[in-house]
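**Student:** Let me begin by handing over the structure; questions about it come next.
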Amino acid sequence: MPASSILLLESDPVVGAGIEAILTGTGYALTQAANADEALQLAADHQLVIVDVVTGVRTGIDICAEIRATPSLSAVPVMCISASDDVEERIRFLEAGADDVMARPFDARELEARVEALLLRFQRSRDLAPISTDGAVMTRARRAVAVFSPKGGVGTTTIATNVAVAAAATRPTQVVLVDLALQFGGVATHLNLRPRQTLADIVRDDAAMREAELIRSYATPHSSGLHVLAAPAQPEAAETITQSHVDRILGTLLDAYELVVVDAGSTLDERVLAVFERADTVLLPVYPEIAALNAMHTLLEYLTETGALGTKAMFVLNNAFAREILKLRDVESALGSKVTLELPYDPFIYLKAVNEGIPVVIGAARSIAAERLVRLSGLAFGRDGGGPLGVQDEHRSGGLFRRRR
């Protein structure tokens with residue numbers, strides 16, 4: 001399902017084809033209308049109307065005013081494209097009710113950013129409106145989930161990707177997945193995406209790290225409704241991303257999206273500690289083998305001493321490619337804590353998902369593995385935007401996390 005549907009009023013087919021190529025290339029669904037009457041009929045079925053070249057008696061300014069005078073279209077943002085950078089013309093568009101005006105000539109990046117910003121502004125205004133239920137007012141919480149393991153190859157990216165896609169199923173365009181495995185991140189591969197921009201591009205744009213509308217323009221949309229901020233394409237670019245960058249980016253993402261998922265990789269450094277600080281829940285995949293358990297035990301001792309994790313942890317026993325090596329009770333004994341959820345053994349389904357770039361929760365939606373991953377997504381984000389479910393508090397009544405500073 002595309003992220004957003006856009007209606008373009010465009011009388012010039014050549015110009016319309018160019019705008020369509022830009023917007024559909026970033027994941028939007030676009031419908032073109034050749035005249036004003038057709039546009040007015042279709043506007044209510046779209047999330048944004050763009051008014052460009054218009055022929056006939058009515059001008060673009062007239063059509064903008066008509067849309068704004070129609071009560072049923074009050075919630076639909078309107079962007080107008082001015083033929084030139086003439087200030088008076090742009091003012092007339094704004095006086096007619098346009099929510100944004102862009103002048104020719106424009107760059108494709110500018111169009112993408114303005115469309116994203118306008119859609120986000122209207123979405124946020126709807127989200128911030130109180131929801132009344134039987135006299136009670138509820139608010140939408142914004143939450144962050146991190147996935148990390150001190151050992152690579154234990155399913156961190158598989159878990160992060162599926163948790164994020166499952167969350168996006170109920171909140172399309174409001175969930176973002178950040179690939180912070182900066183040198184060799186695999187999120188894009190797991191989702192069969194080819195991002196044009198990455199985290200390395202964001203850190204060169206100071207405004208994007210501050211402004212929610214701009215940072216969304218760097219995300220690559222997935223067909224599930226999930227947005228993705230990919231790891232740098234070149235390993236050496238990881239050095240350009242600092243702890244300060246990570247902290248600022250996550251703070252802005254929590255303004256731009258309802259839910260944030262971070263694949264934090266398997267290297268513990270200041271950047272990952274900044275993620276832990278921002279996260280409401282940290283998912284720790286555990287592999288049922290001695291080497292992986294030893295690495296996790298060392299990590300827990302360190303994080304307990306520093307107070308970096310507190311009661312945020314949820315352990316996920318990943319039996320993806322191993323069966324009956326170590327029993328659940330042995331794993332829990334080694335951790336000193338209860339396991340939140342087990343992923344079932346399957347020698348085929350996880351590898352197929354990675355090789356095809358189709359997450360388990362989509363490509364094998366009826367499997368036990370998909371059911372567990374969807375449940376994990378719900379546990380990680382909590383019910384109705386609240387904290388981790390009560391059973392997790394019970395699980396963590398003992399173990400290493402008891403000694404929180």
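The values are calculated or read from the model by the stated rules, or taken from the named source; none is laboratory data. Not measured: the values here are computed from a predicted model. Positions of Cβ are generated from backbone atoms using ideal geometry, with glycine treated the same way; all protein chains shown enter the neighbour counts. Heavy atoms of the whole protein, side chains included, go into the accessibility calculation; ligands, DNA and RNA do not. Shrake-Rupley method; radii C 1.70, N 1.55, O 1.52, S 1.80 Å.
**Student:** If one computes P(r) from the Cα atoms of the chain, what percent of pairs lie at distances over 41 Å?
**Tutor:** Tail of the P(r) past 41 Å holds 22 percent of the pairs.
**Student:** Among 233-244, 360-371, how do they line up from the highest to the lowest mean number of other beta-carbon atoms within 10 Å?
**Tutor:** Highest-to-lowest ranking by the protection proxy: 360-371, 233-244.
**Student:** Going by a ≥ b ≥ c, the root eigenvalues of the Cα gyration tensor, does region 1-119 fall in the rounded group (a/c under 1.5), the prolate group (a/b larger than b/c) or the oblate group?
**Tutor:** Verdict is rounded for region 1-119.
**Student:** To continue, here is another question. Tabulate in residue order the Karplus-calculated ³J(HN,Hα) for region 352-369, using 6.51 cos²θ - 1.76 cosθ + 1.60 with θ = phi - 60°, rounded to whole Hz; enter x for Gly and Pro.
**Tutor:** So the J values, rounded to whole Hz, are 4, 4, 5, 5, 8, x, 10, x, 4, 5, 9, x, 9, 4, 9, 7, 5, 4.
**Student:** If you take the beta carbon distance between Ala44 and Thr298 as r and set R0 to 56 Å, what does 1/(1 + (r/R0)^6) give as a FRET efficiency, to the nearest 0.05?
**Tutor:** The pair Ala44/Thr298 has a calculated efficiency of 0.45.
**Student:** Given a 1.4 angstrom probe, I'd like the percentage of the accessible area of the chain that is carbon and sulfur, rounded to a whole number.
**Tutor:** 51
**Student:** Could I ask something else about it? Find the accessible area per residue for the chain; the probe is 1.4 Å, ligands and nucleic acids are left out, and the unit is Å².
**Tutor:** Accessible area per residue: 45 Å².
**Student:** Could you work out how far the C-alpha centroid of region 140-194 sits from that of region 202-274, in angstrom?
**Tutor:** Distance between centres, Cα-based: 12 Å.
**Student:** Under 8 Å for C-alpha pairs, at least 6 residues apart: give me the relative contact order for the chain, rounded to a whole percent.
**Tutor:** Dividing the mean separation by the residue count of the chain yields 15 percent.
**Student:** Where Lys and Arg each count +1 and Asp and Glu each count -1, what net charge lies around Thr240 among other residues with Cβ under 13 Å from its Cβ?
**Tutor:** Result for the neighbourhood of Thr240: -2.
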